[in-house]
Amino acid sequence: MPSPLLTLRGLGKSYGSVRANHAIDLEVAEGSIHAILGENGAGKSTLMKLIYGVETPDAGEILWRGAPLRVTSPAEARRAGIGMVFQHFSLFDTLTVVENISLVVPGTKADLGQRIRTLGQTFGLDVDPQAYVHALSVGERQRVEIIRCLMTDPRLLILDEPTSVLPPQSVERLFQTLQRLKEGGVSILFISHKLDEVRAICDRATILRAGTVVDNVDPRGHDAHALARMMIGHAMPEMAHARSLAPGEVLLQVDRLNHRPDDPFAMALADMSFEVRTGEVLGLAGVSGNGQAELTRLISGEWTLPRADAERVRMMGRPVGDRGAADRRELGFAFVPEERLGRGAVPDMSLADNSLLTAHRLGLVRNGLIDRTREAAFTRRCIEEFDVRAPGPEAEAGALSGGNLQKFIVGRELMLAPRLLFVAQPTWGVDIGAATAIRRRLVELRNQGCAIFVISEEIEELFEICDRVMVIREGRLSPSLRIAETDVQEVGRYMVGTREGTGGGDERAHS
């Protein structure tokens with residue numbers, strides 16, 4: 001057995017009365033891939049922040065190759081040989097990719113740009129060094145974070161949900177990268193809710209529950225359900241997809257939509273047509289960066305079309321292409337963006353005040369004044385119904401783990417009882433139990449007659465909850481495919497371009 005690179009002894013961290021980590025013992029061997037598993041709020045991210053110097057432990061010690069190590073900042077951690085890719089990205093939107101990387105990695109921009117291209121090609125993390133970060137999709141930003149970390153030549157690489165926004169092809173290439181790093185003596189701490197991936201690539205798995213270690217196992221000797229039981233402490237809830245309903249009223253119609261954004265790095269959309277009806281879930285698959293972000297902004301109302309093109313997007317039978325987000329919500333539209341912080345929630349505001357962002361119409365504001373009692377009651381109900389691990393309505397959104405914040409945002413939108421729901425990456429960073437619960441709630445809402453449009457880069461998720469699925473590639477849509485009549489392989493062929501679509505996504509192409 002290789003000697004430990006990193007050892008934690010009795011490590012603990014509390015925030016007031018909240019005990020995030022308690023008496024954590026952990027050993028990470030040289031040249032190993034070690035998983036950290038647990039529900040949202042189990043203490044995984046806090047533990048990684050302690051190792052990386054973002055937070056300081058209240059108790060215990062950290063040993064690096066057997067010697068005590070005190071890390072008080074990420075810069076010190078990097079100098080020691082520890083690198084980390086966060087689940088919530090730490091990039092400056094107004095800078096280019098190469099400018100962001102130059103803040104951490106020395107070198108001329110020309111040299112760094114070439115290294116970025118080389119690493120991208122080698123590890124399946126392709127990204128344009130000259131692209132501005134604000135123009136990148138979440139998946140592309142993840143690639144930038146991983147490349148930046150690899151360029152610091154770490155001996156311990158911490159990856160927090162690294163595959164959550166990567167398509168299957170890139171996941172496979174990333175795993176090949178991690179195996180090569182492991183063979184080169186690099187140790188990897190791997191946080192993931194995708195248990196099949198953990199079983200495929202990890203040597204050990206430490207399982208946290210409520211901030212403490214409950215088990216340490218070889219994940220290859222346990223199936224995904226057994227690992228899930230260890231994480232949540234009970235059997236996994238079952239996911240049931242009800243029989244498809246008869247197609248109902250068209251609540252979202254996109255008709256021959258063409259759009260060329262002002263941003264030269266954004267993806268142009270070409271001749272898009274599709275419909276979403278009551279009582280169905282339509283899914284959109286695709287490799288990140290193929291136009292999902294641009295389509296999302298046009299449907300959500302963040303971007304609007306000229307008045308002459310208002311008919312290109314219709315909701316509830318009305319043209320809305322030239323109307324903003326608030327007007328669309330007035331019609332019964334609800335939206336969960338893929339970017340939790342900044343677009344789904346304001347990190348410095350309380351959960352209660354974040355409720356106001358979209359739920360103010362439910363009596364939370366009366367005569368221009370906030371009804372704090374109603375606001376708190378709405379938020380408390382969301383916390384309870386969607387199992388959001390938070391002290392209460394006054395907790396800051398930015399203080400929640402990524403998965404718990406996701407549960408809050410999804411819950412807030414579902415509590416609006418929308419007629420039309422648009423969800424981008426519904427279970428990104430959410431543990432397996434919570435992901436099943438969210439998917440079940442979406443199917444229940446569909447069974448109640450809601451029209452639901454879902455963008456997800458997890459093909460299995462789309463097959464689990466959708467009635468139909470389309471693929472977006474280079475700003476164009478494949479024909480609509482009925483889940484009962486297709487398979488993952490066919491969807492994958494559309495994703496990589498080995499099968500070309502003939503329709504614009506209209507469900508009539510495959511009905």
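If you line up the long axis of helix 402-414 against the longest principal axis of the chain, both from Cα atoms, how many degrees apart are they, to the nearest 10?
That helix lies at roughly 20 degrees to the long axis.
Roughly how many nanometres apart are two label points built 7 Å out from the Cα toward the Cβ at Glu485 and Arg361?
3.5
What is the Cα centroid distance between the range 276-353 and the range 59-75, reported in whole angstrom?
45
With axes computed from alpha carbons, what is the tilt in degrees of helix 432-447 against the longest principal axis of the chain, rounded to the nearest 10 within 0 to 90?
10
Quick one: length gained pulling Asp111 to Glu172 fully straight, 0.36 nm per residue minus the C-alpha distance? Show your work: numbers first, answer last.
On the way: separation 61, 0.36 × 61 = 21.96 nm, distance 2.76 nm.
Result: 19.2 nm gained on full extension.
When Phe378, Phe190, Phe463 are ordered from fewest to most other Cβ atoms inside 10 Å of their Cβ, what list results? Before the final figure, lay out the partial values.
On the way: Phe378 22, Phe190 25, Phe463 17.
So the ranking, lowest neighbour count to highest, is Phe463, Phe378, Phe190.
Mind sorting Ile452, Ile383 by how few other Cβ atoms lie within 10 Å of their own Cβ, fewest first? Walk me through the numbers before you get to the answer.
Working: Ile452 27, Ile383 22.
Ranking Ile452, Ile383 by Cβ neighbours within 10 Å, fewest first, gives Ile383, Ile452.
What share of all Cα pairs of the chain, in percent, falls into each consecutive 10 Å distance bin?
Taking every Cα pair in the chain, the percentages come to 4, 18, 29, 27, 16, 5, 0.
On average over all directions, what projected area in square nanometres does the range 135-225 have, based on the convex hull of its Cα atoms? It would help to have the intermediate numbers written out before the result.
Working: hull surface 28.3 nm².
Spelled out: convex hull of the Cα atoms, projected over all directions, averaged, 7.1 nm².
Taking a cut-off of 14 Å between Cα atoms, list the aspartates and glutamates near Lys13, but don't count ones fewer than 8 places away on the same chain.
Within the straight-line limit of under 14 Å, Lys13 reaches these aspartates and glutamates: Asp25, Glu55, Asp58, Glu61.
Got a sec? How would Asp160, Asp322 order by Cβ neighbour count within 10 Å, fewest to most?
Details: Asp160 23, Asp322 17.
Ordered by Cβ neighbours within 10 Å, fewest first: Asp322, Asp160.
If you take the alpha carbon radius of gyration of the range 347-415 and divide it by 2.2 N^0.38 Å, what ratio comes out, to two decimals?
Working: Rg = 11.0 Å, N = 69, 2.2 N^0.38 = 11.0 Å.
Dividing the Cα Rg of the range 347-415 by 2.2 N^0.38 Å gives 1.00.
Which FRET efficiency, nearest 0.05, do Ser3 and Asp126 yield, Cβ-Cβ r, R0 30 Å? Intermediate results must be reported in sequence, preceding the final value.
Values: r = 37 Å, r/R0 = 1.22.
Efficiency for this residue pair is about 0.25.
In terms of Cα to Cα distance under 14 Å, which aspartates and glutamates are near enough to Lys407, apart from those fewer than 8 places away along the same chain?
Glu39, Glu338, Glu339, Glu384, Glu385, Asp387, Asp431
Sort all Cα-Cα distances of the range 47-128 into consecutive 10 angstrom bins from zero, then give the percent of pairs in each bin up to the one containing the longest distance.
P(r) for the range 47-128, in whole percents per bin: 15, 38, 30, 16, 1.
Here, each number is a calculation from the coordinates, and none is a lab measurement. Everything numeric in this text was worked out from a predicted model, so none of it was measured. All Cβ positions, even for glycine, are placed from backbone atoms using ideal geometry, and neighbour counts span all protein chains on display.
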